[in-house]
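Below: one structure, written as structure tokens.
The values are calculated or read from the model by the stated rules, or taken from the named source; none is laboratory data. Note that the structure is predicted; figures quoted are calculated from it, not measured. Quick reminder, even Gly has a Cβ in these numbers, built from the backbone with ideal geometry, and neighbours come from all protein chains shown.
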2 protein chains.
Amino acid sequence: MTIPSERLSGDLPVVDAESVVDQLEPDATVLVSGFGRVGYPKAIPLAIADADEEFGLTVVSGGSVGDEIDEAMVEAGAIDRRYPYQSAGAVRRSVNDETVAFADRHIAALADDVQYGGFVDPDVAIVEAIAVGEDWLIPSTSIGHTPAWVESVDQIIVEVNRAQPLELTAFHDNYRPGTPPNREPVPLSAPDGRIGGPRIEFDSEALTAVVETETPDSPYEFRDPTDVDLEIASNLQSFLVEEVRESSLYDDSVRVQFGVGSLGNALMGALADADFGDRDLVYFGEVIQDGLLDLLDENQLHAASATSFALSSDGQERLFENASRYAEDVVLRPADLSNSPTLVDRFGVIAVNSALEVDLYGHVNSTHVDGSRMLNGIGGSGDFTRNSPLSVITLPSTAVDGDISRIVPMAPHVDHTEHDVDVIVTERGVADLRGTSPRERARAILESCAHPDFEPALESSLERADANGGHEPHDLETAFSWQE
Amino acid sequence: MTIPSERLSGDLPVVDAESVVDQLEPDATVLVSGFGRVGYPKAIPLAIADADEEFGLTVVSGGSVGDEIDEAMVEAGAIDRRYPYQSAGAVRRSVNDETVAFADRHIAALADDVQYGGFVDPDVAIVEAIAVGEDWLIPSTSIGHTPAWVESVDQIIVEVNRAQPLELTAFHDNYRPGTPPNREPVPLSAPDGRIGGPRIEFDSEALTAVVETETPDSPYEFRDPTDVDLEIASNLQSFLVEEVRESSLYDDSVRVQFGVGSLGNALMGALADADFGDRDLVYFGEVIQDGLLDLLDENQLHAASATSFALSSDGQERLFENASRYAEDVVLRPADLSNSPTLVDRFGVIAVNSALEVDLYGHVNSTHVDGSRMLNGIGGSGDFTRNSPLSVITLPSTAVDGDISRIVPMAPHVDHTEHDVDVIVTERGVADLRGTSPRERARAILESCAHPDFEPALESSLERADANGGHEPHDLETAFSWQE
């Protein structure tokens, strides 16, 4: 792996952000890089937010991006439509009052959704890079869907960010599958294998502007694990250790994925103590969070594959200072590969994701508070939950200081169905739902996962439902009023 | 392709069905062949139903099987647990009154669910074949999950059915993916390619009994298309012709899948008139239904891939009389390949499935009447709907002679989420949901798909929901009482 010595190579159309904004159609559909609040463009979004012109853009990212887009541009009213995942206050408020139209998609499918049409008709890609040439770029702290983005547009604008170290080159393995129906199988033969290189190539005529920046990402802040987080982690760990011992899928190694967020980060950390014998622990997921750096530092993790370094500022500093060491064990891929259904299947990745609430039959709401108000989006949770040989949903049994139960009779929004969910883990315990009927699932979840404060109400609800009969009984009249 | 001349080859443990039953543990977990009500074992199930011994078996099939299992065995009380798809009256009643425990899974995932544990702990496989040797068999009218079944057990029992012609050999292409994490990509490079052969091989020590039978399948009966079916077909056809012209995915060929059933069968027939220019029409789905034979007879179909001949008795007769001709264009595969997420993706298969009801935000109920009573199971609809570049759900706008709307404010059971559904087609029209927000989806479905009789009630329901605010607004108090 050769680390480039220059940020800019060849004859490049270097301009300032404001002149890019002057050229932008006010209703353009813009594909932006960025995933896990890192690796997104910064200067042009701020210039759009500051511009006099009135924009009504459609902005499509791979995953969540930083405040320059989802706060500043949204507050300036420059975004009419925003797809498909967000995690900032301003955009969330606008999505929920419908001043910004939002559509939620699986991360793995998004590259094709955009490139092959129907979802949006993209005009321009604005992507962050650590280095750029006349027909190539090297992405920064995330890859996301940049390989698909540059293939989907006639106009590519690159922000070269000097705040992102050139050593990030060593992590990147870019690959874009071909076009159906002649799409070849992804030739990756191991979770930590490499099939591409650091550069993303494009048609040199499409590169219309290069903007130089030097602005750090505005990344995640993880809260410290709560007692409940640690109890969930402990329950998960015991379950996984037992499962790994019993299943032939994990004779030599254990492949795991964890969802994005503070709970996911805490769960990763808990794996450090897990006794998996002499099996290699391998991470094959969407994002590298701080907990994974800890595991790498402690030699507890054999390898990690993801599409983004969704680290805290501290974690990012640690990564940047030790990039070449971490790059021995860590690969970043495009998001349609990090989340690829077929790779999750072929590598037999255990999926561990969190949720807002779970119903007694195993349906999971990951996105909509009270069934109506969007939180962030489904992200990649469906890619892993559906295709994993073992799908675990972890969540606290209650929310709002114990005032409401996250175990409910009927989920008011369903992101993951009973068909995809194998195991539920709360701080109370573990419900293994494999091979169970809906009534058996309800019993297991009630007894092993629900908080005792809510068991009587859940029991009553089940009794009312049961009186109506059927395979998966509901009392639709009271399904959403059970706590009253 | 050499068609075998003998049904039985080598030194085989040929016995009668009753003596197999005598050896069977009363609480065994039995994997049976069969898919689309064909290719399932017949003599041993009838012998179990007639036996004096009390059985409480767990019976796992690839898809739906015939009356010998799902009527006779169920009525004899011999089945305690039945996974994961059924389509017969007796078993459906028992599933809904919980005398038979039932768990619903995606077809594509079931082979691994069973082989790698957690879902069931299988004891014996009872599979139908047209021919058998000491360490191989050739399946009959369906393949289903037989390749995984014989790898999952120590005891294999084969029913050799002389009513199924040996010429079926020519259709079969068997392949079982390796074990994760070293599972290689499926090497299939075209929808009609072949990567295996007619034989399914197994450890000769596992073959404990061979039973000879001569009983036809008890297959589907398709009703004639209704006027509403034909209007749905016409709307679908217009939409697909336009889509195929505009998308680069279909420059040379159109790959489609249709769901099992009378509507799916009618929709297949309607493709005969579609003007796809000089593009090849290719079927890549779960079952071959009568409508596909019509297309083959009319030279309208380039090739077809499936796991089962789910034909009517007439269709079966037509197939058997012309097997060698049809086998030039038709391949049967194991169900985890016919429904493979990665093959649906790589071949860019358009998915067309039906549903019980659809809500205004695009969530689909395929399985549970009134949210509680199981109809058949999700089958393979999720495999295709999730992984297709274009997922279409077709259904009549009303049910029960127009008394109830199949377009509802909130689905009381969700099998396919808004994240997976692109287009809804009813006899009223087409709602293209790609790139739309939930409120936009509601407007499109209401205006293009709902029946006018129910538009006012749906409008009122939307207004009540809208008053609650949020990205995907619901009025949970009245969500299920909107028609009152």
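Hey, can you tell me all the residues within segment A:316-335 that are out of contact with any strand residue (DSSP E or B) (no Cβ under 7 Å at 6 or more places or on another chain), without any contact (Cβ under 8 Å) to a residue 40 or more places away in the chain and of a type outside the set (D, E, K, R)?
A:Asn322, the sole residue that qualifies.
To keep it simple, each residue is scored yes or no on (1) under 18 Å from the mean Cα position of the chain (by Cα); (2) closer than 26 Å to A:Ala43 by Cβ.
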position	(1), (2)
A:Glu75	no, yes
A:Tyr85	yes, yes
A:Ser94	no, yes
A:Thr99	no, yes
A:Phe102	yes, yes
A:Arg105	yes, no
A:Ala108	yes, no
A:Phe119	no, no
A:Pro122	no, yes
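For segment A:80-97, indicate whether the set of residues that are among the small types (Gly, Ala, Ser) and farther than 19 Å from A:Ala49 by Cα is non-empty. So that I can check it myself, show each step before the final result.
Here is the first cut: in segment A:80-97, the ones among the small types (Gly, Ala, Ser) are A:87-90, A:94.
In the following step, the residues that additionally are farther than 19 Å from A:Ala49 by Cα were identified as none.
No, segment A:80-97 contains no residue that is among the small types (Gly, Ala, Ser) and farther than 19 Å from A:Ala49 by Cα.
Could you list all residues from segment A:204-249 that are farther than 28 Å from A:Leu311 by Cβ, within 14 Å of chain B (Cβ to nearest Cβ) and in a helix (DSSP H, G or I)?
Across segment A:204-249, the qualifying residues are A:Glu242, A:Glu243, A:Arg245, A:Glu246, A:Ser248, A:Leu249.
Residues to consider are A:Asp113, A:Asp203, A:Asp135, A:Asp123; find the one that is touching a residue at least 60 places away in the same chain (Cβ under 8 Å) and under 29 Å from A:Gly382 (Cβ atoms).
Values: A:Asp113 fails: touching a residue at least 60 places away in the same chain (Cβ under 8 Å); A:Asp203 fails: under 29 Å from A:Gly382 (Cβ atoms); A:Asp135 fails: under 29 Å from A:Gly382 (Cβ atoms).
Going through A:Asp113, A:Asp203, A:Asp135, A:Asp123 in turn, the sole match is A:Asp123.
Filter segment A:378-432 down to residues that are of a type in the set (Ser, Thr, Tyr), touching a Gly at 6+ places or on another chain (Cβ under 9 Å) and assigned to a helix (DSSP H, G or I), then give me how many there are.
Looking only at that region, the number is 1.
Looking only at segment B:153-167, how many residues end up being part of a loop (DSSP other than H, G, I, E, B) and not hydrophobic (A, V, I, L, M, F, W, C)? Spell out how you get there, then give the answer.
Pass one, segment B:153-167, residues part of a loop (DSSP other than H, G, I, E, B): B:153-154, B:162-165.
Filter once more, so that each one left must be not hydrophobic (A, V, I, L, M, F, W, C): B:154, B:162, B:164-165.
Residues flagged as part of a loop (DSSP other than H, G, I, E, B) and not hydrophobic (A, V, I, L, M, F, W, C) within segment B:153-167 amount to 4.
Within 14 Å of chain B (Cβ to nearest Cβ) and either within 25 Å of the chain's Cα centre (by Cα) or assigned to a loop (DSSP other than H, G, I, E, B) (or both), is that true of A:Val254? Steps first, answer last, please.
On the way: within 14 Å of chain B (Cβ to nearest Cβ): yes; either within 25 Å of the chain's Cα centre (by Cα) or assigned to a loop (DSSP other than H, G, I, E, B) (or both): yes.
Yes; evaluated as a whole, the condition is true for this residue.
Given (1) under 24 Å from B:Trp482 (Cα atoms); (2) surrounded by fewer than 24 Cβ atoms within 10 Å (Cβ to Cβ); (3) at pLDDT 95 or above, where does A:His474 come up short, assuming only one miss?
Only one criterion in (1) under 24 Å from B:Trp482 (Cα atoms); (2) surrounded by fewer than 24 Cβ atoms within 10 Å (Cβ to Cβ); (3) at pLDDT 95 or above is unmet by A:His474, namely (2).
Being under 29 Å from A:Val186 (Cβ atoms), buried (at least 24 other Cβ atoms within 10 Å of the Cβ) and at pLDDT below 95 narrows it down to one of A:Leu311, A:Leu332, so name that one.
Numbers: A:Leu332 fails: at pLDDT below 95.
Of the residues listed, the single one that is under 29 Å from A:Val186 (Cβ atoms), buried (at least 24 other Cβ atoms within 10 Å of the Cβ) and at pLDDT below 95 is A:Leu311.
Residues to consider are A:Phe258, A:Phe347; find the one that is closer than 23 Å to A:Thr226 by Cα, among the aromatic types (Phe, Trp, Tyr) and touching a strand residue (DSSP E or B) at 6+ places or on another chain (Cβ under 9 Å). Before you say what the answer is, go through the steps one by one.
Values: A:Phe347 fails: closer than 23 Å to A:Thr226 by Cα.
Every option except A:Phe258 fails the conditions.
Kindly indicate the residue of segment B:382-401 that is at the interface with another protein chain (Cβ under 10 Å from one of its Cβ atoms) and in contact (Cβ under 8 Å) with a residue 60 or more places away in the chain and also nearest to B:Leu433 (Cα to Cα) among those meeting that condition.
Ranking the candidates gives B:Leu390 first.
Scan segment B:3-44 for residues that are without any contact (Cβ under 8 Å) to a residue 60 or more places away in the chain and not aliphatic (A, V, I, L, M) and report the count. Quick ask: steps written out before the conclusion?
Of segment B:3-44, the ones without any contact (Cβ under 8 Å) to a residue 60 or more places away in the chain are B:18, B:21-22, B:26-27.
From the residues that got through so far, the ones that are not aliphatic (A, V, I, L, M) too are B:18, B:22, B:26-27.
Residues that pass the stated criteria total 4.
Conditions: (1) in a helix (DSSP H, G or I); (2) crowded, with 21+ Cβ neighbours inside 10 Å; (3) more than 9 Å from every other protein chain (Cβ to nearest Cβ). A:Arg443 meets all but one. Number of the miss?
For A:Arg443, the failing item is (2).
Restricting the first residue to segment B:465-484 and requiring it to be more than 9 Å from every other protein chain (Cβ to nearest Cβ) and assigned to a helix (DSSP H, G or I), which pairs with a second residue that is buried (at least 22 other Cβ atoms within 10 Å of the Cβ) and aliphatic (A, V, I, L, M) meet a Cβ separation below 6 Å and a spacing of at least six or different chains?
Here the result reads none, with nothing in segment B:465-484 linked to a residue that is buried (at least 22 other Cβ atoms within 10 Å of the Cβ) and aliphatic (A, V, I, L, M).
Report every pair of residues separated by at least 6 positions or lying on different chains whose Cβ atoms are under 6 Å apart, first residue within segment A:258-271 and over 15 Å from A:Phe284 (Cα atoms), second assigned to a helix (DSSP H, G or I).
Matching pairs, first to second residue: A:Leu263/A:Asp229; A:Ala266/A:Asp229; A:Ala266/A:Ala233; A:Gly269/A:Gly291; A:Gly269/A:Asp294; A:Ala270/A:Ala233; A:Ala270/A:Gln237.
I'm told A:Arg346 meets every condition in (1) farther than 26 Å from B:Met374 by Cα; (2) touching a residue at least 12 places away in the same chain (Cβ under 8 Å) except one. Can you identify the failing condition by its number?
With respect to (1) farther than 26 Å from B:Met374 by Cα; (2) touching a residue at least 12 places away in the same chain (Cβ under 8 Å), A:Arg346 is out only on (2).
For segment B:371-380, enumerate the residues that are closer than 23 Å to A:Met410 by Cα and buried (at least 22 other Cβ atoms within 10 Å of the Cβ). Working first, answer last.
Taking segment B:371-380 and keeping what is closer than 23 Å to A:Met410 by Cα, we get B:371-379.
Passing the criteria: B:Gly371, B:Gly377, B:Ile378, B:Gly379.
Taking A:Asp80, is it within 11 Å of another protein chain (Cβ to nearest Cβ), under 24 Å from A:Asp22 (Cα atoms) and among the acidic types (Asp, Glu)? Outline the logic, then answer.
Values: within 11 Å of another protein chain (Cβ to nearest Cβ): yes; under 24 Å from A:Asp22 (Cα atoms): yes; among the acidic types (Asp, Glu): yes.
Yes.
Has segment A:168-183 got at least one residue that is under 22 Å from the mean Cα position of the chain (by Cα), within 19 Å of A:Glu68 (Cβ to Cβ), buried (at least 17 other Cβ atoms within 10 Å of the Cβ) and of a type in the set (Ser, Thr, Tyr)?
no
Take A:Ser338 and tell me if it is in contact with a strand residue (DSSP E or B) (Cβ under 8 Å, 6 or more places away or on another chain), of a type in the set (Ser, Thr, Tyr) and either more than 24 Å from B:His474 (Cβ to Cβ) or outside the structural domain of A:Leu168 (by TED's automatic domain parsing) (or both).
Values: in contact with a strand residue (DSSP E or B) (Cβ under 8 Å, 6 or more places away or on another chain): yes; of a type in the set (Ser, Thr, Tyr): yes; either more than 24 Å from B:His474 (Cβ to Cβ) or outside the structural domain of A:Leu168 (by TED's automatic domain parsing) (or both): yes.
Against the criterion (in contact with a strand residue (DSSP E or B) (Cβ under 8 Å, 6 or more places away or on another chain), of a type in the set (Ser, Thr, Tyr) and either more than 24 Å from B:His474 (Cβ to Cβ) or outside the structural domain of A:Leu168 (by TED's automatic domain parsing) (or both)), A:Ser338 qualifies.
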